[in-house]
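Structure, as structure tokens:
The values are calculated or read from the model by the stated rules, or taken from the named source; none is laboratory data. A quick note: this is a predicted structure, and the numbers were derived from the prediction, not measured. Cβ atoms come from the backbone with ideal geometry, glycine included; neighbour counts cover every protein chain shown.
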Amino acid sequence: MNFRIMERDLQSPRSASNARARNRRKSTEAFPDVMKVNGSDLLVNDQNKYRSMWIRTYSSVWMLVGFILVVYLGHLYLWGMIVVIQILMASELFNLLRRAHEDRRLPGFRLLNWHFFFTAMLFVYGRILSQQIMHAVTPEKFFYNLATSFMKYQMVICYFLYITGFMWFILTLKAKMYKYQFSQYAWTHMILIVVFTQSSFTAANIFEGIFWFLLPASLIAINDVAAYFFGFFFGKTPLIKLSPKKTWEGFLGASVTTVISAFMLANVLGRFQWFTCPRRDLSTSWLQCDPGPIFTPEIFELPSGLPWKEISVLPVQWHALCLGLFASVIAPFGGFFASGFKRAFNIKDFGGSIPGHGGFTDRMDCQMVMAVFAYIYHQSFVIPQYYPVEILLEQILGSLNFEEQVLLLTKLKEIIDARQIQN
């Protein structure tokens, strides 16, 4: 027994030294492998980075070409594009929560979501496009009376459609699934309020003049592209934790680029009546209108010593600076909100419809915020704060039947004749 202990003691230093040698050999062999792996990882990451950039650029070019074609076709096709995008966005968001609870699918619940969606569409667009709808109606008595009745009772129709969906929801409630069903109900209404209602302001901007849709949408696209490339080549300082890829360099570079682009782009777009004239019907014919003072060039003399003596500036360019400032500073928070939302659901993108960009919701997050601001800004600071005679007449024609219109005309004639006698 003592011999065995002595033998083990004699062997232990030798075995320990061998083990240390093996460990040193493994560590020296492992280090180049680690370096090799890390180097290849860096190379792969670098390749993936540029591959992602090219895919994103390729998709952006095709989207730009398609967008230019739709703008050329006119207001009605732009509105159709917005409706299609809204449907695709709603589909992505309806599926988002449903994917998180795939084991809790309920028959008919998907159809109920779309029932609420199209009810909201009928209500919002019926209110926004009432003037265009009345102009689009043929002078035949049947269609005119049908359109007039719809506009008069549109709110009642939409209300009962909503109540139908509400009753439908109550009748589908099942035991042990109440919480999930009510979460779906709340989720559907959040989509309608936050997404659909905001993006619907885009349609209102289109019919006020393509300018008021194209300029804000272009500024968001310019800001997005500029932030991507400034961040790609110069980005070092993280901007916000919700979006780790966003950098201060990209944010500041994009802000300056967007404001400058707003001033220059407004000067170009503001010189074409196809962009500046409002559309009062649903036709696709060519437009001609009085551009008004906001699109009439003003000449400014420059100080001596400069290569130019004077410059031509459209008054709308000063409004464009406000839009550019909003698009570069505030609108990106729509993207930050979407990033935080995606983090809450542990997803990268809302969908995969657009290679390199994600889904349509990923592209429209900032656009929705911008569309609402552009509409409010236009209504508050651009259009005259009074109702033109044409709009008043259209409202009268839309709310009175033929006999009431004749009675109104008779009363107006009596009032005018009485004033002429007094004068």
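Pick out the one residue from S200, S183 that is crowded, with 21+ Cβ neighbours inside 10 Å and part of a helix (DSSP H, G or I).
Just one listed residue meets the conditions, S200.
When you look at F234, is it at pLDDT 90 or above, of a type in the set (A, V, I, L, M, F, W, C), more than 26 Å from I376 (Cα to Cα) and crowded, with 21+ Cβ neighbours inside 10 Å, yes or no? No, not satisfied. Among the residues of the range 125-157, the ones that are modelled with pLDDT under 75 and out of contact with any Gly (no Cβ under 9 Å at 6 or more places or on another chain) come to 11 in all. Only one entry of L173, L214 meets the criterion of being aliphatic (A, V, I, L, M) and assigned by TED's automatic domain parsing to the domain that holds N113, and that entry is L173.
Go through G324, G334 for me and flag whichever is surrounded by fewer than 23 Cβ atoms within 10 Å (Cβ to Cβ) and either in contact with a helix residue (DSSP H, G or I) (Cβ under 6 Å, 6 or more places away or on another chain) or at pLDDT below 95 (or both).
Details: G324 fails: surrounded by fewer than 23 Cβ atoms within 10 Å (Cβ to Cβ).
One residue alone meets the criteria, G334.
Of all residues in the range 299-323, exactly one satisfies the criterion of being among the hydroxyl-bearing types (S, T, Y) and part of a loop (DSSP other than H, G, I, E, B), namely S304. Evaluating P297 against the criteria (1) closer than 30 Å to H135 by Cβ; (2) touching a Lys or Arg at 6+ places or on another chain (Cβ under 9 Å) leaves one unmet condition, (1). Restricting to the range 340-355, what's the tally of residues that are under 14 Å from N95 (Cα atoms) and either without any contact (Cβ under 8 Å) to a residue 24 or more places away in the chain or not in a loop (DSSP other than H, G, I, E, B) (or both)? Result for the range 340-355: 3. If you filter the range 261-288 down to residues that are in a helix (DSSP H, G or I) and touching a residue at least 60 places away in the same chain (Cβ under 8 Å), you find that the one that is nearest to F230 (Cα to Cα) is S261.
Out of the residues in the range 284-321 meeting the condition of being closer than 30 Å to L78 by Cβ and among the aromatic types (F, W, Y), tell me which one is surrounded by the most Cβ atoms within 10 Å (Cβ to Cβ). Please lay out each step first, then the result.
Residues of the range 284-321 that are closer than 30 Å to L78 by Cβ, as a first pass: 284-298, 312-321.
Of the ones still in play, those that are also among the aromatic types (F, W, Y) are 286, 295, 318.
Details: W286: 9, F295: 22, W318: 12.
Ranking the qualifying residues of the range 284-321, first place goes to F295.
Looking across the range 227-247, the residues that are in contact with a strand residue (DSSP E or B) (Cβ under 7 Å, 6 or more places away or on another chain) and of a type outside the set (A, V, I, L, M) come down to G231, G235, K236, T237, P238, P244, K246, T247.
S304 satisfies every condition listed in (1) within 30 Å of P293 (Cβ to Cβ); (2) of a type in the set (S, T, Y); (3) touching a strand residue (DSSP E or B) at 6+ places or on another chain (Cβ under 6 Å) except (3).
Restricting attention to the range 349-381 and to residues that are touching a Gly at 6+ places or on another chain (Cβ under 7 Å) and farther than 30 Å from A320 by Cα, the residue that is surrounded by the most Cβ atoms within 10 Å (Cβ to Cβ) turns out to be F350.
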